[in-house]
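Okay, structure first, notes after.
All of the numbers you see were taken from the coordinates with simple rules; none came from a lab. These numbers come from a predicted model, not from an experiment. Here the Cβ is made from the backbone with ideal geometry for all residues, glycine too, and neighbour counts use every protein chain on show.
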Ligand SMILES: [Zn+2]
Ligand SMILES: [Zn+2]
């Protein structure tokens, strides 16, 4: 993940202190989105900004060849899965 930055604040990735939470890996708009420990703490709304699994609503998605794969339940979602406003 060379050159990766926080999806929210743009902070370059770093190894978090043991007392901090690890970086969150998510997917936003079909691309990998990393969230730094500080944004996880200070911006609790961040899960609303990233893609969710259509099956289990998890944000623990990864992207492989343009497809989002849920790391919780294994569901695969195509790129640009429309998110209807609720
Ligand atoms: Zn951040
Ligand atoms: Zn899922």
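Length, then width, then depth: along the principal axes, the Cα atoms of segment 1-73 run 32, 25, 19 Å.
Based on the reciprocal of the average 1/r between different C-alpha atoms, the Kirkwood radius for segment 19-59 equals 10.6 Å. Modelled spin-label separation between residue 17 and residue 32, with each label point placed 7 Å from Cα along the Cα-to-Cβ direction: 2.6 nm.
Considering only DSSP beta bridges where both residues belong to the chain, give the percentage that are antiparallel (nearest 5). Display every interim value, and only then the final one.
Numbers: 12 of 13 bridges.
Once the DSSP bridges in the chain are tallied, antiparallel ones form about 90 percent.
For the pair residue 58 and residue 76 in one chain, pulling the backbone fully straight at 0.36 nm per residue adds 5.3 nm over the alpha carbon distance.
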